[in-house]
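> Mind looking over this structure? Questions follow.
The values are calculated or read from the model by the stated rules, or taken from the named source; none is laboratory data. Fair warning: this is a prediction, and the values are worked out from it, not measured in the lab. All Cβ positions, even for glycine, are placed from backbone atoms using ideal geometry, and neighbour counts span all protein chains on display.
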Amino acid sequence: MKSKHFLKGLIHGIPIFLGYLSVSFGFGIMAVRSGLSAFEAVGMSLFNLTSAGQAAGVGIIAAGGSITEMILAQLTINIRYSLMSLSLSRKLDKSFTTPHRLAAAYGMTDEIFALASGQPGTVTPWYMYGMILISTIGWCLGTFLGAAAGSILPAEVSDALGIVLYGMFIAIVIPPSKKERGILAAVLIAAAMSTAIYFLLPFISGGFSVMICGVSVAAVCALLFPRSESTDGEDGGAA
Amino acid sequence: MNINVWLYIAVMAAVTYIIRMVPFTVFRRKIKSRFVNDMLYYIPYAVLSAMTIPAVFFSTGDLITAAVGTVAAVVLAYFGLPLIVVALSASAAAYLTGLLIPLTS
């Protein structure tokens, strides 16, 4: 059972691996340009596993910012993970004991959360570990490649790879949007709100904007599109 | 090796891990409130959408290639193609558009 779930997680993680490889490649280039060594850049990727947080972190280190500033920036940008953790904790299998939760919490990224919450039924620890392992390898490998050899890819290719993760997000939200009006509403309102914040309130950081949109839009949709009892609970997610 | 950089990295990692771990580990009971359950159900879709729009349009460094890639992704996703196919097709569409743009201008 364990190895079957682990393998399934590894396979499901392949798009994340590819997406991370390209995104972290850019991060590696950026980190070295900001004065970090390749070793430090890979270390940051391994211990943080978060794109926006790391980009901000490198900026703060390069600018000689304080530890307090670092803490506040990470809190603001990454607080969305607490929402995802809370949401996904409802979908965990009974075999998810506290040690497993402590371990798997390390890998709560936007993409891993998206894939895991799109699974029918519950998710097991070994499924999560498979997905987290392959994703982390992609994230660290890409960081290393970017840091060590920033010019191995032509600019046109690395530019085009910048869209991979977003393509994956789109592939996750569209199919269930066709089936449920509530999800369609959540997707459309969140997109509109996020765009409005981006252009009208540019001082709100990307991570914070995602949090505001996520909570408020989900609350609105929960009010407007309550789900019937029969579909409530374990099924959560329809991707 | 710069100890100071590693201190920053350690602080970042600690803050980020705590954010992820606490809600994942502490909330063990099934939530009774239907409103909260519904809200948690909709959060992933709202979050993913907010992360994608408008950021996807700046993801390739060129608005036109990104827009073409986005449309490709939406169309393929609408027809239910697998994640990896949608993701890489978006990238391929953006790449090919990037090759065509200099020819048309």
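> Collect the residues in the stretch A:69-83 that are facing chain B (nearest Cβ under 7 Å) and hydrophobic (A, V, I, L, M, F, W, C), keeping them in residue-number order.
Result: A:MET70, A:ILE71, A:LEU75, A:ILE79, A:LEU83.
> In the stretch B:56-83, which residues are facing chain A (nearest Cβ under 7 Å) and aliphatic (A, V, I, L, M)?
B:VAL56, B:ALA66, B:ALA73, B:VAL74, B:ALA77, B:LEU83
> A:TRP126 passes all but one of (1) touching a His at 6+ places or on another chain (Cβ under 9 Å); (2) facing chain B (nearest Cβ under 7 Å); which number fails?
(2)
> Quick one: A:ALA38 ticks every box in (1) in contact with a helix residue (DSSP H, G or I) (Cβ under 6 Å, 6 or more places away or on another chain); (2) surrounded by fewer than 21 Cβ atoms within 10 Å (Cβ to Cβ); (3) closer than 14 Å to A:LEU133 by Cα except a single one, so which number is it?
For A:ALA38, the failing item is (3).
> Also: What is the number of the single condition among (1) crowded, with 17+ Cβ neighbours inside 10 Å; (2) more than 17 Å from the chain's Cα centre (by Cα) that A:ILE204 does not meet?
Of everything listed in (1) crowded, with 17+ Cβ neighbours inside 10 Å; (2) more than 17 Å from the chain's Cα centre (by Cα), A:ILE204 misses just condition (1).
> Please return the ranges of helices (runs of 4 or more DSSP H) entirely within the stretch A:1-55 where 3 or more residues are over 16 Å from the mean Cα position of the chain (by Cα) and without any contact (Cβ under 8 Å) to a residue 60 or more places away in the chain.
By residue number, A:38-48.
> Would you please list the contacts, defined by Cβ atoms under 7 Å and residues six or more apart or on different chains, that run from a residue in the stretch A:166-179 that is within 7 Å of another protein chain (Cβ to nearest Cβ) to a residue that is in a helix (DSSP H, G or I) and of a type in the set (D, E, K, R)?
A:MET168/A:GLU111
> Considering only residues of the stretch B:34-57 that are of a type outside the set (S, T, N, Q) and over 14 Å from A:VAL210 (Cα atoms), which is modelled with the lowest pLDDT? Let's see the steps before the verdict.
Of all residues in the stretch B:34-57, those of a type outside the set (S, T, N, Q) come to B:34-36, B:38-48, B:50-51, B:53-57.
With the extra rule that they be over 14 Å from A:VAL210 (Cα atoms), the set shrinks to B:34-36, B:38-41, B:57.
Numbers: B:ARG34: 88, B:PHE35: 90, B:VAL36: 84, B:ASP38: 88, B:MET39: 86, B:LEU40: 79, B:TYR41: 82, B:PHE57: 95.
My answer is B:LEU40.
> Right, here's the next one. Taking the stretch B:37-65 only, how many residues are surrounded by 24 or more Cβ atoms within 10 Å (Cβ to Cβ), in contact with an Asp or Glu (Cβ under 9 Å, 6 or more places away or on another chain) and not aromatic (Phe, Trp, Tyr)?
The number of residues fulfilling the criteria is 6.
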